[in-house]
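Engineer: Provided herewith is a single structure, encoded as structure tokens, for subsequent inquiry.
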Amino acid sequence: MSAEESERDRLPFEPNKKRQKPAKAPTKPAVTPQKSSNQADKKLPYTKEEMAIPKVVSQRMVRRVAAFCGVPTTLAISTLIVSYLLATYANVKLAPIAVLLVNMGLFGLGVLGITYGVLSASWDEERAGSLLGLSEFGTNWGRMVAVWRETRQKNS
């Protein structure tokens, strides 16, 4: 492992080899003959299979997103329907701002549920993780922050 990799935990499905940066070509003259850009001529550092999230992990993420996003979104839609039915048939006076705030809050939780669903899933293929995924969220959030910092340092 290189020094950069030891600073942060590698993802369980992260490729072992490091991507080689292309060498900077010397400045070319303004007029150059057109070369055919063929995908076969270019050697990609990783294959699609190496870069893809494993199917087991992907399905785990989708299930968690469906739960953590689907429940608040369903509740938000239900709140609209129930408030309409209460106002129409039961003559219950609900403040429109209350209905709006409840809906905005529930839809907002649904949006946050997308992020939490992905980050709370175990990214390790062999480990399913916990029901709520609190420890997995902490681990995966730490990995994301470490990559952000590493990228920012490289760009600076």
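Engineer: Within the stretch 114-156, what residues put their amide N at less than 20 Å from the label point 7 Å along the Cα-to-Cβ vector of T47?
Structural biologist: Only 125 fall inside the zone, counting backbone N under 20 Å.
Engineer: Would you work out which of L100, S83, Y116 lies farthest towards the positive end of the dipole of the stretch 80-156? Charges go on Cβ: Lys and Arg +1, Asp and Glu -1.
Structural biologist: L100
Engineer: Sticking with this one: Report the extension gain between V145 and V56 in nm, rounded to one decimal, defined as 0.36 nm multiplied by the number of residues separating them, less their alpha carbon distance.
Structural biologist: Stretched fully, the V145-V56 segment lengthens by 29.6 nm.
Engineer: Next question, about the same structure. Once the piece of chain linking T74 and S130 is laid out straight, how much longer is it, given 0.36 nm per residue of separation minus the C-alpha distance between them?
Structural biologist: 17.8 nm
Engineer: Run the paramagnetic zone check for F107: 7 angstrom along Cα to Cβ, then residues of the stretch 64-101 with backbone nitrogen under 17 Å.
Structural biologist: 69-84, 96-101
Throughout, read-outs are computed from the coordinates displayed, never taken from laboratory work. Model, not experiment: these values are computed from the prediction. Virtual Cβ from ideal backbone geometry, glycine too; neighbours counted across all protein chains shown.
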